[in-house]
Each structure stands twice: as C-alpha cells, then as structure tokens.
Amino acid sequence: MGNSSRFVFSALCFGFAFLYIPILVLIAFSFNESAITSVWGGFSLRWYTALFNNEQIIEATLLSLKIAATSATFATILGTMAGLALTQMGRYRGRLIFTGLIAAPLVMPEVITGLSLLLMFVSLQELIGWPLSRGAGTITIAHITFSMAYVAVVVQSRLSSMDQSLQEAAMDLGGRPMQVAFDITLPLIAPSMLSGWLLAFTLSLDDLVIASFTSGAGASTLPMVIFSKIKLGVTPDINALATLIIGTVSIGILLASWIMFRQNKRNKVG
Amino acid sequence: MTGYKRALTKTYHQPLGDKLWRNFVIGIPYFWLLLFFLAPFAIVFKISFASPIVAQPPFTPLFDFSSNASQWLLATWDNYRFLTEDNLYWVSYFKSIKIAAISTLICLLIGYPMAYGIARATPTTRNILLMLVILPFWTSFLLRVYAWMGLLGKNGIVNSLLMNVGLIDSPLQMLYTDMAVYLGIVYTYIPFMILPLYATLEKMDLSLHDAAADLGAKPWQTFIDVTLPLSIPGIVAGSLLVFIPAIGEYVIPALLGGIDSLMIGRTLYDEFFVNRDWPLASAVATILLIIVVIPIMLFQRSQQEQE
C-alpha cells in the first residue's frame, strides 16, 4: 500500500467508525438492565416491555405511520409528475421557477418552512375557513410539500439517464403522450418511484420541526413525543424505541436494495 | 431533441387531450408548490410588519378599511427595529453562519477522502461502502442526535470510559457545549457531503490521471492539479447541502448545545413557541431567508448543471 492509499484507507475506517459507533452504543445500551445509562447492569428486555405499555408512544407511532403513508403516497404522485414536467415536457413558461421550487425545499432550513406553512394555514383559515383545525391534516400537507421535491429529484435523475427509444417507438406507432406515459414511462421508472416513496415515508416519520409548527393542540407525532422526553436527558425506554426504529429501517433498506440488486442482475442477464 | 420530446413539446396541431395531459402534469405539482411553498413566504413577510396582540391569531391585521379608522395602513417597522437594536439577534445570526461554515469545512475534510476511497474501490466493495453511507441517512435524524447525548453526558459513556482509564478525575462538560453542536452537525450532515462528492469522483475520467503520471507528476501533484479541480462541482453541491440547512438548524443546538448556544433556528423557534411573538418570529425568518436565498440559488444552479 502506498502512502496515499494508506491515508484513504484510514480515512474510511475513521469515517465509518464515527458514523456507526454512536448508533451501536445506543443499541447495546437499550438492552441494559440498569436505569443509569452508562453503567452496564446485565442484559434485559425491560425497556422494551415498558415501551409496549406506553400508550402515548403507541398512539403517536400510529399517528406518525398514518401521516407518513398518506404523505408519501401523495408526494410520490406529485413528485413523479414534477419529474416528468422537468425532463419530458421541453420548454414552457415558468420552467426556471419550477426548477427552483423543486431545488429549494431540499435545503431550506426547516424553521422557515415550518413557520411559513403555519402562517399560510392560519391565513387560509381566516380567508376561506379552511383548514378547519390544525393537526394530522395540516402536517400531512406540509410533509407532502417538502418530500415531493425529494421524489422529484429521484425520479428526475432516473428519467434523464433513461434510454428514450422505447417511448419514441411508442409515439411513432401512434401512442398518445398520456398513453405512452402510463404504458411505457411509468413502468420503466417504477423502481425509482418506489425509492421515492420510501424516502418520503422516512422523511415524514422523522420530521420534528415542521410537524411542531403545523400541528394543532391535539396531534402529537412520534418525533414530537420523543423530543419532549429527551429534552430533559437520556431515558432507557427511548434507547429501546430508537433500536426498534433503526433496526426496522435498516432491515427494510437492506432488503429493498438486495431486491433491486438482484433485479438489476437479472435484467442484465436477460 | 428526441422525437418523443418534440412530439410532447409541439403545442400547435396538438389534439386537445394531449394538451390537457401536458397542462395537467406540469400544472398540478407547480400549483401545489406555488401555494404551499412560495406563497407562504409572502405571508411571513407580511406578518413581519404586524404587531403582536393577545388574540387568535396573535397578530394585528395590516390594513384597516373601517370608516372610523384614523389610518388604513397599520404596518410597522418595529420588529425589524427591535432586531437591529437587540444584540442577541446579531450574535445569533453570526454564530449560526460561523457554526454552519466551520461544520461544512469539517464535513468536507472528513468526507472528501472517504468519497475518494469509495469511488476508487472495486465495484463490490464500492456498493457495500455506499450502502454504509446511505444507511444512516435513512435512519432517524432525531435519534442519531440523541445517540450523542448518551455518549457525551456527565454520566455518559465517554466520561465513564475516560475516568475508568484514569485520564480524568471528574467528568468533563462535553454535552451542552458548542463542541457538541459541531459534532452533532458534522455527524448528521456528513452523508450529504459524501454522496455528491462520490458522484463526481466516480464519473471522473481516470485516463487523465494516467496521462499526468506518464508525464511525471507525483500522486499529490496529480491530486492537486487534476482530481481536485475536476471535483469542484461535487464540492460545491455537497457544501451547500450541508451549509444551508445547518444555518437554520434547531434540533441539534436544542439537544446538544448549552443554554447560551444561540443559533438563529433556536432563537426563532423560542420566539414563536415560548414568547408567542409571531410577528417578531416572522421578521427573524425573513432575515434568515434573505441570508440563505443566494446560497439556494447557487444550489439550484449546481443541480441544473448535473442534469
């Protein structure tokens, strides 16, 4: 190994240790019998039992899952349309503003997005009486808005790297644009729509700041409940919850990428 | 332009159905983003000129057209005047920009060699390493910040380790400091730096490196003269993806920073939720928006160049 590759190798080791040690420590201590978080008191599942008996957390989890599934679905529909509009529709008036509206939500500080959406909802309520109250509905709209931009980027990168010849052939054979979109384009980009959906789902499940702004008095999502508990310090039952969430997401992602990997391989062979 | 695109973009002699489809696909997401992303900024701007009152909603209207009103325009500069007079806000803005800039630099210094290593690995290793970078990006941001609370606390794992080894006698104050905020930002944002860097490094034409080596360049010379300049698009995209959201970060300073860790996102959040001063929070947001608008335009440009 030369000097430079030794440097790159140690950078990789250091980087991945930095990324993973905190998570692994957190997971290990969720099985700690002791309530003091730095002292190992033996293996135990007591914090998991405590978690499943905590009604507030269960309720918040169900609400968050509902919001995440709904917002991810709408975000995928709108984000796919936006991806098509950015890659397949050529020039039109306002296209530059459109690209800005897709890029900006990716980096916009959350406090700005959250505050501005809340003030929008309040103003709309004064003007037209909708939305009647703030809660799951307004959080869902907020989540659709920022996650559709992520879906659009994922779908757009697939569309612009894709071979256009199938679509051209379909048009030459007299297919109408809408028909071609549903029969050719959408099936071709279905995997990236699925990754877009998963991304939107996890983004929604994870969001604290925007949900806090756009929620009303009644609705508390899971991140809101977690945040109110951990503001005061480390609690072992949140370690257990974190382990469950991180475990579920990791298994899901690994499974999804394994399926995609196999499909890619099969496509190459076939 | 391909035939398919031409057929779609031809607006004359187009059957009505095709035109409707085109307007539908462009119009619906466009309208949604105009209504729920762009228009709200105008409302923030408007309310930043209102005065706070105890009512629902807690701010005054800007216009009063009733006949007995002495003047119809009720807008006030008070919120902005207050922002300029109170040092707290200036300190918050500057400190946020400083923390975001330094964190971005640290992310770049750690992320660049990692992205380089991943891009130069064999295809199988590359996929595994890439997966390892993406995985934390998918898992909960909030919980990854929380993981550091368990490590850095007074009774945390790092302190008890150091005390057991005998390096220190009493626990160090690590949690609730600026250092913890830097650590938290670098930790949570570093995948955003690595991924665009990887994308440009992976696409790079390696024959340029061979040419440089053939002409007698040392590896570090090749890096400085060839690799680094060619990877500037990735550096720009990654840095903006870290820098812009980090300026307005709320969760990390709230959980890992001390009470005096004044980042503007936290100031805005407290102004809104603790003091319930919506107009002042709107003024804070308006100035923050002005600060980030140019970096966001740069980001949009770097995104378009990648298309």
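What follows draws every value from the coordinates through simple rules; no lab data is involved. From a predicted model like this one, the values you see are computed outputs, not experimental measurements. Here the Cβ is made from the backbone with ideal geometry for all residues, glycine too, and neighbour counts use every protein chain on show.
Report the charge-dipole magnitude of the stretch A:56-269 in Debye, nearest 20, computed about the Cα centre from +1 at each Lys and Arg Cβ and -1 at each Asp and Glu Cβ. Before the final figure, lay out the partial values.
Numbers: 13 positive and 10 negative charges, 71 e Å.
With Lys and Arg at +1 and Asp and Glu at -1, about 340 debye.
Let's see if you can work this out: charge +1 on each Lys and Arg Cβ, -1 on each Asp and Glu Cβ, no other charges. What is the dipole magnitude of the stretch B:87-306 about its Cα centre, in debye to the nearest 20? Kindly include the intermediate steps, with their values, before the conclusion.
Working: 11 positive and 13 negative charges, 42 e Å.
Approximately 200 debye in magnitude.
Only helices at least 20 Å long along their axis, Cα-based, and averaging -0.5 or more on Kyte-Doolittle count here, so list those DSSP H runs from chain A. Intermediate values should be presented prior to the final figure.
Working: long enough: A:3-29 (38 Å, 1.78); A:55-87 (47 Å, 1.12); A:110-128 (26 Å, 1.67); A:136-161 (37 Å, 1.07); A:186-206 (29 Å, 1.35); A:236-269 (49 Å, 0.59).
The answer, listed by residue number, is A:3-29, A:55-87, A:110-128, A:136-161, A:186-206, A:236-269.
Under 20 Å from a label point 7 Å along Cα→Cβ of A:Ala17: give me every residue in the stretch B:88-123 with its amide N that close.
Taking a point 7 Å out along Cα→Cβ of A:Ala17, the residues of the stretch B:88-123 whose backbone N falls under 20 Å are B:106-118.
How do the peptides A:180-186, B:216-222 rank, highest first, by the average count of neighbouring beta carbon atoms within 10 Å per residue? Can you show the working numbers first?
Values: A:180-186: 17.4, B:216-222: 13.1.
My ranking of the peptides, most packed first, is A:180-186, B:216-222.
Restricting to Cα pairs below 8 Å that are 6+ residues apart, what does the relative contact order work out to for chain B? Please round to a whole percent.
Details: 311 pairs, mean separation 73.8, N = 307.
Once normalised by length, the contact order is 24 percent.
Two decimals is fine: what is log10 I(q)/I(0) at q = 0.13, 0.19, 0.29 Å⁻¹ for the stretch B:246-305, from a Debye sum with one equal scatterer on every Cα and no solvent?
Summing over Cα pairs of the stretch B:246-305 leads to -0.42, -0.74, -1.13.
What average number of partner chain Cβ atoms lie no more than 10 Å from the Cβ of the residues making up A:233-246? It would help to have the intermediate numbers written out before the result.
On the way: counts 7, 9, 3, 1, 0, 4, 4, 0, 3, 8, 1, 0, 4, 8.
Across A:233-246, the average partner-chain Cβ count within 10 Å equals 4.
Quick one: of A:Lys66/A:Lys231; A:Lys265/B:Lys203; A:Lys265/B:Lys19; A:Lys229/B:Lys98; A:Lys66/B:Lys154, which pairs are farther than 32 Å apart, Cα to Cα?
Numbers: A:Lys66/A:Lys231 25 Å; A:Lys265/B:Lys203 21 Å; A:Lys265/B:Lys19 39 Å; A:Lys229/B:Lys98 30 Å; A:Lys66/B:Lys154 38 Å.
Listed pairs above 32 Å: A:Lys265/B:Lys19; A:Lys66/B:Lys154.
What is the distance, in nm, between label points placed 7 Å from the Cα along the Cα-to-Cβ direction at B:Thr84 and at A:Trp130?
Each label point lies 7 Å from its Cα, and together they span 4.2 nm.
How many partner chain Cβ atoms sit within 10 Å of a residue's Cβ in peptide B:124-133, on average, as a whole number?
Numbers: counts 0, 1, 0, 2, 0, 3, 1, 5, 5, 3.
Per residue, the average neighbour count from other chains is 2.
Assign one of three labels to the stretch A:141-240, namely rounded, prolate or oblate, based on the Cα gyration tensor with a ≥ b ≥ c the square roots of its eigenvalues; rounded applies when a/c is under 1.5, prolate when it is not and a/b is larger than b/c, and oblate otherwise. Could you put the intermediate results ahead of the total?
Numbers: a/c = 4.61, a/b = 3.05, b/c = 1.51.
Prolate shape, in that a/c is at least 1.5 and a/b is the bigger ratio.
For chain B, what does the alpha-carbon gyration tensor say about shape, rounded, prolate or oblate, given a ≥ b ≥ c as the root eigenvalues, a/c under 1.5 as rounded, and a/b over b/c as prolate?
Numbers: a/c = 2.34, a/b = 1.15, b/c = 2.04.
Since a/c reaches 1.5 but b/c is at least a/b, the shape of chain B is classed as oblate.
Extension gain A:Asn53-A:Leu24, at 0.36 nm per residue separation less the Cα-Cα distance, in nm? Display every interim value, and only then the final one.
On the way: separation 29, 0.36 × 29 = 10.44 nm, distance 2.49 nm.
Result for the pair: 7.9 nm of gain on full extension.
Set the Förster radius R0 to 22 Å, insert the Cβ-Cβ distance between A:Thr73 and A:Asn264 as r into 1/(1 + (r/R0)^6), and round the FRET efficiency to 0.05. All intermediate terms of the calculation are to be shown ahead of the outcome.
Values: r = 26 Å, r/R0 = 1.16.
The formula returns an efficiency of 0.30 here.
Run the helix sum for chain B: -39,500 (n - 2.57) per DSSP H stretch of 4+ residues, divided by residue count, reported at 222 nm to the nearest 500 deg cm²/dmol. Walk me through the numbers before you get to the answer.
On the way: 15 runs with 212 residues, N = 307.
One gets -22500 deg cm²/dmol as the mean residue ellipticity at 222 nm.
Packing-wise, with mean Cβ within 10 Å as the measure, how do B:157-163, A:65-71 rank, highest first? Don't jump to the answer; show the numbers that get you there.
Numbers: B:157-163: 17.3, A:65-71: 19.7.
The packing order, highest mean first, is A:65-71, B:157-163.
Using only the Cα atoms, work out Rg/Rh for the stretch B:76-189, with Rh taken as the Kirkwood radius, to two decimals.
Numbers: Rg = 19.6 Å, Rh = 17.5 Å.
Radius of gyration relative to Kirkwood radius: 1.12.
Do me a favour and compute the ellipsoid semi-axes for the protein assembly as shown from its Cα gyration tensor, root of five times each eigenvalue, largest one first, whole Å. Don't jump to the answer; show the numbers that get you there.
Values: eigenvalues 268, 258, 122 Å².
In descending order the semi-axes read 37, 36, 25 Å.
How large is the charge dipole for the stretch B:62-206, taken about the Cα centre, if only the Cβ atoms of Lys, Arg (+1) and Asp, Glu (-1) carry charge, to the nearest 20 debye?
Computed charge dipole of the stretch B:62-206: roughly 520 debye.
Just need the relative contact order of the stretch B:28-128 here, percent rounded to a whole number, with Cα pairs under 8 Å and 6+ apart. Display every interim value, and only then the final one.
On the way: 48 pairs, mean separation 13.8, N = 101.
Reported relative contact order: 14 percent.
Put +1 on the Cβ of every Lys and Arg and -1 on every Asp and Glu Cβ in chain B; which of B:Tyr187, B:Tyr30, B:Thr200 then has its Cα farthest towards the positive end of the dipole?
Projecting each Cα onto the dipole axis, the largest value belongs to B:Tyr30.
Specify which residue in the list A:Phe213, A:Leu166, A:Ala68 is farthest towards the positive end of the charge dipole of the stretch A:56-269, using unit charges on the beta carbon of Lys, Arg (+1) and Asp, Glu (-1), about the Cα centre.
A:Leu166
For peptide B:156-162, how many partner chain Cβ atoms fall within 10 Å of a residue's Cβ, on average?
On the way: counts 4, 10, 2, 1, 5, 1, 0.
Neighbouring Cβ atoms belonging to other protein chains average 3 per residue here.
Considering the dipole of the stretch B:87-306 built from charges on the beta carbon (Lys and Arg +1, Asp and Glu -1) around the Cα centre, which of B:Ser140, B:Ile128, B:Gly117 is farthest to its positive end?
Positive-most Cα among the choices belongs to B:Ser140.
With each label point set 7 Å from Cα along the Cα-Cβ vector, what nm distance links B:Met163 and B:Leu109?
Simple spin-label model gives 3.1 nm for this pair.
For chain A, what does the alpha-carbon gyration tensor say about shape, rounded, prolate or oblate, given a ≥ b ≥ c as the root eigenvalues, a/c under 1.5 as rounded, and a/b over b/c as prolate?
On the way: a/c = 2.13, a/b = 1.30, b/c = 1.64.
Taking the square roots of the gyration eigenvalues as a ≥ b ≥ c, chain A is oblate.
Tell me the mean residue ellipticity at 222 nm calculated for chain A from its helices only (DSSP H runs of n ≥ 4, each -39500 (n - 2.57), averaged over every residue, nearest 500).
Taken over chain A, the calculation gives -26000 deg cm²/dmol.
Relative contact order for chain A: what percent, with Cα pairs under 8 Å and sequence separation of 6 or more? Intermediate values should be presented prior to the final figure.
Details: 258 pairs, mean separation 82.8, N = 270.
Relative contact order for chain A comes out at 31 percent.
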